[in-house]
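Presented below is the structure to which this report refers.
Taken together, the values in this text are just the output of simple stated rules run on the coordinates, not laboratory data. Source: prediction; values computed, not measured. All Cβ positions, even for glycine, are placed from backbone atoms using ideal geometry, and neighbour counts span all protein chains on display.
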Amino acid sequence: MQWETVIGLEIHAQLSTRSKIFSGSATTFGAEPNTQASLVDLGMPGTLPVLNEEAVRMAVKFGLAIDAELGRTNVFARKNYFYPDLPKGYQTSQMDHPVVGKGHLDITLEDGTVKRIGITRAHLEEDAGKSLHEDFHGMSGIDLNRAGTPLLEIVSEPDIRSAKEAVAYVKAIHALVRYLGICDGNMAEGSLRCDCNVSVRPKGQEAFGTRAEIKNVNSFRFIEKAINHEIQRQIELIEDGGKVVQETRLYDPNKDETRSMRGKEEANDYRYFPCPDLLPVVLEDSFIEQVRGELPELPGEKRARFESQYGLSAYDASVLSASREMAEYFEAVQAACGDAKLAANWVMGDLSSLLNESGIEIEQSPVSAQQLGGMILRIKDNTISGKIAKDVFKFLAAREGATADEVIEKKGLKQVTDTGAIEAMLKEMLDANAAQVEQYRASDEAKRGKMFGFFVGQAMKASKGKANPGQVNELLKKLLEG
Amino acid sequence: MHRLTLAQIARGLAAKDFSAVELSDALLARIQQLDPQLNSFITVTADQARAQAQAADARRASGENGALLGAPIAHKDLFCTKDVLTTCASKILHNFKAPYDATVVEKLAAAGTVSLGKLNMDEFAMGSANESSHFGAVKNPWDLSRVPGGSSGGSAAAVAAGLIPAATGTDTGGSIRQPAALTNLTGLKPTYGRVSRWGMIAYASSLDQGGPLARTAEDCALLLGAMAGFDPKDSTCVDAPVDDYLAALNQPLAGLRIGLPREYFGAGLDARIAEQVLAVVEELKKLGATVKDISLPNMQHAIPAYYVIAPAEASSNLSRFDGVRFGYRCENPVNLEDLYKRSRGEGFGAEVKRRIMVGTYALSAGYYDAYYLKAQRIRRLIKNDFVQAFAEVDVILGPTTPNPAWQLGAKSADPVSAYLEDIYTITANLAGIPGLSMPAGFVDGLPVGVQLLAPYFQEARLLNVAHQYQQVTDWHTRTPAGF
């Protein structure tokens with residue numbers, strides 16, 4: 001049987017406000033346990049929440065960026081359940097009146113096609129604390145530093161059809177929230193977490209299959225692996241005559257498998273109701289327009305501009321606009337050298353390889369955009385060849401010079417363009433290869449063509465790559481004909 | 001000295017007739033001597049009181065002359081007080097010392113009041129008789145075999161018995177006005193949002209409001225002036241200027257339009273109380289007021305709506321008492337579920353559990369629309385009734401309670417009969433308007449109260465009417481025998 005996968009994602013993005021959503025405590029990651037928990041975060045009797053306006057502003061930013069309907073009257077609701085790291089016994093969230101309503105986000109698939117993914121809603125809520133089960137001799141420890149950290153929960157429509165699409169969507173959300181400056185996107189620290197709702201159905205069937213939810217997957221790679229594993233599990237289960245149960249599952253990256261966390265029989269009735277401690281928040285037009293004015297250029301807009309302004313291919317434009325940092329780097333290189341095509345090639349080529357090999361982000365690149373742009377200028381004015389430039393780039397990366405010019409000077413990499421010097425060098429080389437020269441001269445046109453490459457190689461080798469390739473070609477032809 | 005009102009105390013302290021230390025020492029001695037009969041205090045903070053009294057005397061010596069500087073009071077035991085027990089009269093908080101002061105406590109301390117301790121109450125403010133306290137029932141000083149009303153029963157009993165001149169209370173469905181009526185006091189529930197709820201342990205957040213209980217309207221005006229005001233820590237607290245309540249007291253009542261809702265004088269009201277209330281009306285007419293019959297047609301739905309909304313909010317508000325971070329924890333829990341179940345099962349009393357169950361049910365999937373949403377619709381109707389009524393009248397007047405104080409234990413077996421005692425007070429909480437109860441005479445030697453209701457933020461008007469009435473009557477000056 002042919003199966004079709006249906007995936008919907010819930011992404012929790014931690015908003016990068018300085019203080020918590022309902023208290024004045026700091027939100028810095030990694031502080032000593034319970035040092036960033038105020039009376040409110042501890043759920044002390046008698047304490048009350050006060051909404052952080054910045055969290056609303058960030059949510060509205062997101063809503064505008066995905067072209068969503070905005071909830072003009074925002075109501076916070078209590079989601080009631082007991083858990084030790086949930087100090088009040090309820091989580092303050094939004095139920096019937098989320099800040100962000102229906103919107104959408106376009107993703108680019110591997111074959112270059114663009115797919116529109118519907119976003120059902122995005123709502124504000126507070127994070128819970130953390131339960132620590134190790135080092136407490138059979139007891140559990142509670143760290144409430146994270147309790148009250150603002151989250152934007154972004155719920156997609158079940159529009160996603162494969163693990164790869166899911167990853168592309170999460171990457172697009174990741175890029176977007178970072179473009180907007182509303183989330184640092186640090187998945188390792190849990191700033192962006194993903195719950196994956198996965199189901200399968202026979203191809204052509206309209207009704208959805210029963211879904212399982214994989215909780216808290218925290219890397220792009222794990223999202224792909226967890227979903228693929230879950231698809232496989234469900235298909236095998238059904239083909240063996242079994243039934244998928246609606247349940248929450250956990251992905252174990254060590255074993256590359258998902259396993260059941262809790263079944264439906266333990267499902268909570270969260271008894272949502274409007275939080276009486278918080279008044280409805282009404283978004284006025286002026287506020288929305290002010291936030292709209294603060295929006296940066298978004299990934300889609302940037303991609304289109306890169307194509308039209310710099311004449312880049314759709315693929316190059318999409319790679320270079322994938323992250324705000326990448327785009328900013330590219331544009332700085334472009335500005336420094338005035339050549340978008342070369343800038344794009346270098347950023348996507350040598351620079352990207354370097355970053356991949358060192359496992360670092362473009363913000364930490366050892367070669368600055370100014371340095372790279374300066375180097376490209378030297379390619380353009382023939383001071384160095386493209387080949388030598390690769391060496392210059394490596395020296396810059398190794399911090400063996402502050403600028404390309406300094407490296408070229410220090411390492412003596414300047415291209416030789418003096419015709420006399422090149423001619424002398426070539427003559428010496430041809431003398432050393434007299435037999436080949438004789439053979440060349442005796443050959444027909446077709447064979448000569450092939451042999452010519454040999455002499456060019458020898459010449460570049462003799463000049464250590466510094467001879468201007470154009471001049472080498474021209475002089476070599478003349479000397480061989482001679 | 002224990003008969004003095006706050007206003008008289010202010011004059012006495014200013015005239016150096018006595019010092020704040022002398023006054024608080026005298027009252028502390030009285031509490032020690034008399035409170036065993038009443039059980040109105042859960043905690044007496046003698047040392048702290050002496051320190052505060054000394055500080056007040058020092059401030060006065062250096063030239064300060066605030067009306068509340070050196071005034072002894074006490075707080076209902078659900079206002080958080082730093083490093084002093086705040087129990088909500090519950091076993092689950094029997095050992096809880098808040099690490100901070102409630103805004104009301106802080107404001108009154110800043111005004112120079114001397115806090116003598118924390119007052120008994122119904123557990124988590126749930127009750128109308130002050131019988132649900134983990135620390136035992138409070139007795140009515142007018143008849144020790146009777147209840148003082150609730151939930152601010154300790155506040156009422158202590159002030160009525162002359163242990164303190166005034167106290168703070170809270171009112172969710174009548175918890176200031178009803179005990180005030182049953183103990184011959186003046187008590188005011190302000191407009192929702194007038195007094196900060198920060199540090200006031202919540203029963204039903206959308207209904208709870210702190211306010212004063214005292215012997216006179218003038219004293220309530222003094223206290224409310226210090227308690228009221230915007231607090232950025234409470235999102236439901238209203239940022240509106242606080243009126244000069246004292247200045248408003250002396251306005252003449254000529255032209256005052258009083259509305260008498262016919263629903264307040266129907267079946268269930270003790271005829272003798274009705275008589276007393278109408279006598280108050282006659283007295284006010286003499287002062288120049290006019291009277292009009294009005295209708296609040298949705299009043300009959302108030303109790304069912306209240307007993308959905310308040311328990312629903314309570315069921316969520318009380319979730320934080322789970323034995324994990326503070327308060328009572330059961331012995332040797334075997335696992336998390338056991339910790340929760342036994343800590344809460346052993347820590348909460350019967351009435352609290354009943355309301356948590358009712359509220360949990362009302363919010364459950366499948367019942368939410370039928371109960372919670374419907375109750376909210378009724379709440380809007382009740383509010384609209386008042387808005388319409390206040391288009392025609394300045395204040396609404398009626399009985400505070402249908403009956404005088406009842407015998408201890410008389411309604412314990414039948415919670416609904418106790419719930420019905422709040423019939424006249426609950427609507428003000430549902431609508432959020434201010435309400436005041438003042439002494440209106442006696443039935444069989446037991447005090448009865450008359451309730452005045454006014455539009456939003458017109459506390460000054462309520463205090464004005466009560467004060468003018470108290471200028472020409474002396475019910476409020478009567479004191480219980482033996483105290």
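Details
- The range B:34-48-the range A:194-229 distance, computed between alpha-carbon centres (Å): 63 Å
- In the range A:224-291, the trypsin sites (Lys or Arg not before Pro) that fall in loop regions by DSSP, at most 14 other Cβ within 10 Å: A:Lys243, A:Lys255
- Computed from phi, the 3J(HN,Hα) profile of the range A:454-466 under the Karplus parametrisation 6.51, -1.76, 1.60 (θ = phi - 60°) reads 4, 5, 4, x, 4, 5, 5, 5, 4, 8, 6, x, 8 Hz, with x in place of Gly and Pro.
- Summed over qualifying helices (DSSP H, 4 residues or more, each -39500 (n - 2.57)) and divided by its residue number, chain A shows a 222 nm mean residue ellipticity of -12500 deg cm²/dmol.
- Cross-link partners of A:Lys464 among aspartates and glutamates, defined as those whose alpha carbon lies under 12 angstrom from its own and excluding same-chain residues fewer than eight positions apart: A:Asp391.
- Relative to the Cα centre, the charge distribution of the protein assembly as shown, modelled as +1 at Lys and Arg Cβ and -1 at Asp and Glu Cβ, gives a dipole magnitude of about 220 debye.
- Sparse packing (at most 13 other Cβ atoms within 10 Å of the Cβ) combined with a DSSP loop state is found for the following GluC sites (Glu not before Pro) in the range A:327-411: A:Glu361, A:Glu400.
- Computed P(r) (all Cα pairs; the range A:49-167; 10 Å bins; percent): 13, 33, 27, 20, 7, 0
- Per-selection Rg to Rh, the protein assembly as shown - Cα, Kirkwood hydrodynamic radius: 1.17
- Counting only Cα atoms, the size of the range A:297-411 along its three principal axes is 43, 31, 19 Å, in decreasing order.
- Normalised by the number of residues in chain A, the average gap of Cα pairs under 8 Å and 6 or more apart makes the relative contact order 14 percent.
- Residues B:Arg262, B:Arg329 arranged by fewest to most Cβ contacts within 10 Å: B:Arg262, B:Arg329
- Distance (nanometres) between label positions extended 7 Å along Cα→Cβ at A:Ser308 and A:Glu289: 2.5 nm
- Packing-based exposure ordering (other Cβ within 10 Å, fewest first) of A:Met375, A:Met1: A:Met1, A:Met375
- Residues in the range A:423-437 carry Karplus couplings, in order, of 4, 4, 5, 5, 4, 4, 5, 5, 4, 6, 10, 4, 4, 5, 5 Hz; the curve used is 6.51 cos²θ - 1.76 cosθ + 1.60 with θ = phi - 60°, and Gly or Pro positions show x.
- Farthest toward the positive end of the dipole of chain A, out of A:Val99, A:Val177, A:Asn228, is the Cα of A:Asn228, where the dipole comes from beta carbon charges about the Cα centre.
- Simple Cβ-charge dipole of the range A:179-239, Lys/Arg +1 and Asp/Glu -1, about Cα centre, in debye nearest 20: 80 debye
- Residues A:Asp431, A:Asp106 arranged by fewest to most Cβ contacts within 10 Å: A:Asp431, A:Asp106
- Applying both filters, DSSP loop and at most 11 other Cβ atoms within 10 Å, to the trypsin sites (Lys or Arg not before Pro) of the range B:1-81 gives B:Arg3, B:Lys16.
- Rounded to the nearest 500, the 222 nm mean residue ellipticity of chain B from helices alone is -11500 deg cm²/dmol, with -39,500 (n - 2.57) taken per DSSP H run of at least 4 residues.
- Pairs exceeding 19 Å between alpha-carbon atoms, taken from A:Lys79/B:Lys91; A:Lys390/A:Lys461; A:Lys79/A:Lys171: A:Lys79/B:Lys91; A:Lys79/A:Lys171.
- FRET efficiency estimate (nearest 0.05) - Cβ-Cβ, A:Arg161 to A:Ile360, R0 41 angstrom: 0.75
- Placing unit charges on the Cβ atoms only, positive for Lys and Arg and negative for Asp and Glu, gives chain A a dipole magnitude near 1020 debye about its Cα centre.
- Which listed pairs, of A:Lys115/A:Lys225; A:Lys164/A:Lys302; B:Lys76/B:Lys107, have C-alpha distances above 18 Å, in listed order: A:Lys115/A:Lys225; A:Lys164/A:Lys302
- Note on the range A:258-325: the alpha carbon radius of gyration divided by the globular reference 2.2 N^0.38 Å gives 2.06.
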